[in-house]
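Where a number appears in this text, it was derived from the coordinates with a stated rule and is not lab data. Because the structure is predicted, anything quoted here is derived from the model rather than measured. Neighbour counts run over all protein chains shown; Cβ positions are idealised from the backbone, glycine included.
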Amino acid sequence: MMPRKKTDGQRPPEKPLSGRVSLVTGGSRGIGRAIALRLAALGADVAVCGRDEAALRETGAALHAAGAGALAETADVTHARAVAEFVAQVERELGAISILVNNAGLGVFGPAHERTEEEWDRVLDTNLKGVWLVSRAVIPSMIRRGSGDILNIGSLAGKNPLAGGSIYAASKWGLRGLTTSMAEELREHGIRVSLISPGSVATEFQPATGHDASKKLRPEDVAHAAEMILLQGAQSFLSEVDLRPLRKR
Ligand SMILES: NC(=O)c1ccc[n+]([C@@H]2O[C@H](COP(=O)([O-])OP(=O)(O)OC[C@H]3O[C@@H](n4cnc5c(N)ncnc54)[C@H](OP(=O)(O)O)[C@@H]3O)[C@@H](O)[C@H]2O)c1
């Protein structure tokens, strides 16, 4: 079993995640990028994937500059073979993955009855099937080592109705079921599967809504929630975090 980092009982270590290897899906921009950079600052080696090569190159360079062992490669989370090949590459080049952040996601908006079958498949394949595919590829080695952290990025739309975003909401409600059930399957193996459910975050994710962007959460707020989960005590399981912008409007 791989030990979690010990503190000296007084001061937390400066790089509490050093020696750990992490994988952040959709780490090229937005929330995933902020989490990847936070993990690097905390001492972890970080692998990120997405589909846009140029954005990945830029994030890979930022991770290197932060002093982390880093790997930034294209991999589409909806394709089982691409996922398996990417996970194998990360384990070969950085080592066994002990932190997985399932963040890659997208939305389509507008009433469900006006959306197409292609849009349904794209959202569900990315936000739900993709999480299962990547987790499935990473979990066997976590089980062998008897520990690991899997953080799934859900949404408050995975707990509440979202008029004009039904298909997105369906994917995130599904993710909530997948996360909480997998958490029960894996906790006895020393693996924590947790869910962070943010409200509106200022990224490229949503078309402009006319809402004041300065009131939205920032990607770094989600990274802070991820840090809290990862730095909890080894005996503790912070299973869900709901993260709201403080001011509604
Ligand atoms: N922004 C919000 O208000 C908000 C609120 C609650 C929850 N969330 C959730 O937070 C997560 C990140 O959202 P964000 O706001 O950071 O969005 P974003 O800026 O659009 O970033 C999405 C990331 O996912 C990647 N991605 C999308 N499809 C992918 C695929 N098939 N394979 C691999 N990577 C893929 C994107 O890269 P490529 O396009 O290059 O593949 C990008 O790196 C999502 O799960 C979203 O549902 C966002």
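Quick notes on this one:
- Net charge contributed by nearby residues that have their C-beta within less than 11 Å of Leu156 (K/R +1, D/E -1): +3
- Taking every alpha-carbon pair under 8 Å whose residues sit at least 6 apart, region 21-243 reaches a relative contact order of 20 percent.
- Percentage, to the nearest whole number, of Cα pairs in the chain over 33 Å apart: 14 percent
- Interchain or long-range residues, amide H under 5 Å from Glu240's placed H: Leu195
- Helix axis angle, 30-41 relative to the chain longest principal axis, alpha carbon, degrees: 10 degrees
- Separation of alpha-carbon centers, region 60-135 and region 176-249, rounded to whole Å: 17 Å
- Within the shell defined by Cβ-Cβ distances under 11 Å, the residues around Arg247 carry a net charge of +4, with Lys and Arg each +1 and Asp and Glu each -1.
- Flagged links, alpha-carbon separation over 26 Å, of Lys129/Lys159; Lys159/Lys215; Lys15/Lys215; Lys159/Lys216; Lys159/Lys248: Lys15/Lys215
- Calculated [θ] (222 nm, deg cm²/dmol) that DSSP helices of n ≥ 4 give over the chain, each run adding -39,500 (n - 2.57): -12500 deg cm²/dmol
- The listed peptides 189-199, 155-165, 219-229, ordered by packing as a protection proxy, come out as 189-199, 219-229, 155-165 (highest mean of other Cβ atoms within 10 Å first).
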